[in-house]
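One structure is given here, and the rest of the page talks about it.
The values are calculated or read from the model by the stated rules, or taken from the named source; none is laboratory data. Quick caveat: nothing in here was measured; it's all calculated off a predicted structure. Quick reminder, even Gly has a Cβ in these numbers, built from the backbone with ideal geometry, and neighbours come from all protein chains shown. When the accessible area is computed, the model is the full protein with side chains, heavy atoms only, and any ligands, DNA or RNA have been set aside. Shrake-Rupley method; radii C 1.70, N 1.55, O 1.52, S 1.80 Å.
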Amino acid sequence: MPTLRIDGLDVTVEPGTTVLEAANFLGLEIPTLCHMDGLSPYGGCRLCLVEIGTGDKARLVSSCTYPAEGGLVARTNSKRVIRTRKMMVELLLSVCPSSKTIQDMACRLGVSRTRFKARNDDCILCGLCVRMCSEQMMAGAIDFTFRGNKRKIMTPFDKKSAVCRTCGGCMYVCPVCMLRCQGPNPPTVVCGSCYNLEPTCTEHFDDYMCYLGTTGSCGTCVREKRPESKKEEATR
Ligand code: FES
């Protein structure tokens, strides 16, 4: 069984273990966004970067995909790792600035603003939805298409999928989902669609599991038209 050293601590792991799993076994915390237990590793967000090797040969790798090899020396919190992680979260923030998950992650990493221009996209290409659909829901209704800056996730030919069971699994794992019902909580920047949460929602939220559907799809929340502001009325 391979023995490696992470942050000065030796650990022996089963063959096939990743550096992230070995670090977690030691109780070392490494931030992740595109990693989820039960889904295959993908290495899309690069937040789990660690530095391996020493001297001039030291390099950054994503710990969720890098195998824990015998004799490996890894650092999870070097200056280079922290600086790069901060830049990665800034980039993610610029792609989806309204994602509560990314905002929370940025806050945890001590990042309060991004130097990059906001794009306000609705996908960070983490691939969680694709893996959830094919590996857990056994549907394979969506996948990556195109390359480079045109890369996106969609159904074949962008048509309604015949194999999608609308289970909501993709939305449930999406870190930037703007549609998923957040339950009977005050409206947030991520979810404000069912701004009119009434006792019906509060009472039935758990029973209906409506967090797996789009906002308001369970029909338990009282949906009324948002009252128009006086200014809007005046401009009519
Ligand atoms: S968690 Fe490893 S690259 Fe996203």
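Here are the numbers for the structure shown:
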read-out: Probe 1.4 Å, accessible area per residue of segment 127-174, Å²; value: 68
read-out: Protection proxy ranking, peptides 64-71, 7-14, average beta carbon neighbours within 10 Å, highest first; value: 64-71, 7-14
read-out: Potential lengthening between residue 172 and residue 138 on full extension [0.36 nm per residue; Cα-Cα distance subtracted]; value: 10.7 nm
read-out: Percent accessible area from carbon and sulfur atoms, segment 21-102, protein chains only, probe 1.4 Å; value: 54
read-out: Portion, in percent, of the accessible area of segment 127-174 that falls on carbon or sulfur, probe 1.4 Å; value: 59
read-out: Accessible area in the full protein assembly, largest first, 1.4 Å probe, for 25, 116, 157; value: 157, 25, 116
read-out: Taking segment 3-81 and dividing mean pair separation by its residue count, relative contact order in percent (alpha carbons under 8 Å, at least six apart); value: 39
read-out: Filter on 86/152; 79/150; 86/159; 79/117 - keep pairs with C-alpha separation over 31 Å; value: 79/150; 86/159
read-out: Length added when fully stretched, residue 119-residue 149, from 0.36 nm per residue minus Cα-Cα; value: 9.6 nm
read-out: By average C-beta atoms within 10 angstrom, highest first, the peptides 127-133, 28-34, 92-98; value: 127-133, 92-98, 28-34
read-out: Span from the segment 1-80 Cα centroid across to the segment 132-157 one, whole angstrom; value: 27
read-out: Stretchable slack from residue 162 to residue 9, in nm (0.36 nm times residue separation minus alpha-carbon distance); value: 50.0 nm
read-out: Cα-based radius of gyration of segment 3-81 once divided by 2.2 N^0.38 Å, which approximates compact folds; value: 0.99
